[in-house]
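Notes follow the structure.
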Amino acid sequence: MLSKNRFLGDAEAKQLLEQGRHAELRESQRCAKLAALRAALASPGADDGVQIEGNLDLVSREHVEGWAWTPSLPDHRCDVSVWLGNDFLASGNASGYREDLEKAGKGDGCHQYKLFYPAQLPVDADLSAIEVKVEGTRLVLCRH
């Protein structure tokens, strides 16, 4: 098994294909894309160079739903986390398929997140204070 932090050269990638180890090759490619995104976000002027688009479509006492994607890396799936003030509620990957996203030109349309909290929020919880953040960035997705 490959280390998650190890990136493959062309010869190694070809060898994995020949051995039928497609999952390991995909994981290495995913890690390489994520590293490229993180490097781009960490570079000076990253706010000008890497664009992330998304929305917080629904907030309830049980879960949130929305979408997030990076146009410059259309196959990348953004990791998002849900917060109520300083309280962490949930995290996950924006990788669910939505036909409307694909029709709108948002890559292959697989950029939806639907994250459930471990427990239902109390009736007096301020749902307007819930934030969904794109991991590795300062971006907070808003309701539009």
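Across segment 51-141, Cα-Cα pairs more than 15 Å apart make up 55 percent of the total.
The modelled label-to-label distance between SER81 and GLU18, using points 7 Å beyond Cα along the C-beta direction, is 4.3 nm.
What's the ranking of 59-72, 112-125, 82-95 by average number of surrounding C-beta atoms within 10 Å, highest first?
In decreasing order of mean packing, 59-72, 112-125, 82-95 become 59-72, 82-95, 112-125.
FYI, it's all coordinate maths here, none of it is from the lab. Because the structure is predicted, anything quoted here is derived from the model rather than measured. Please note: Cβ atoms are built from the backbone with ideal geometry, for glycine as well, and neighbour counts cover all protein chains shown.
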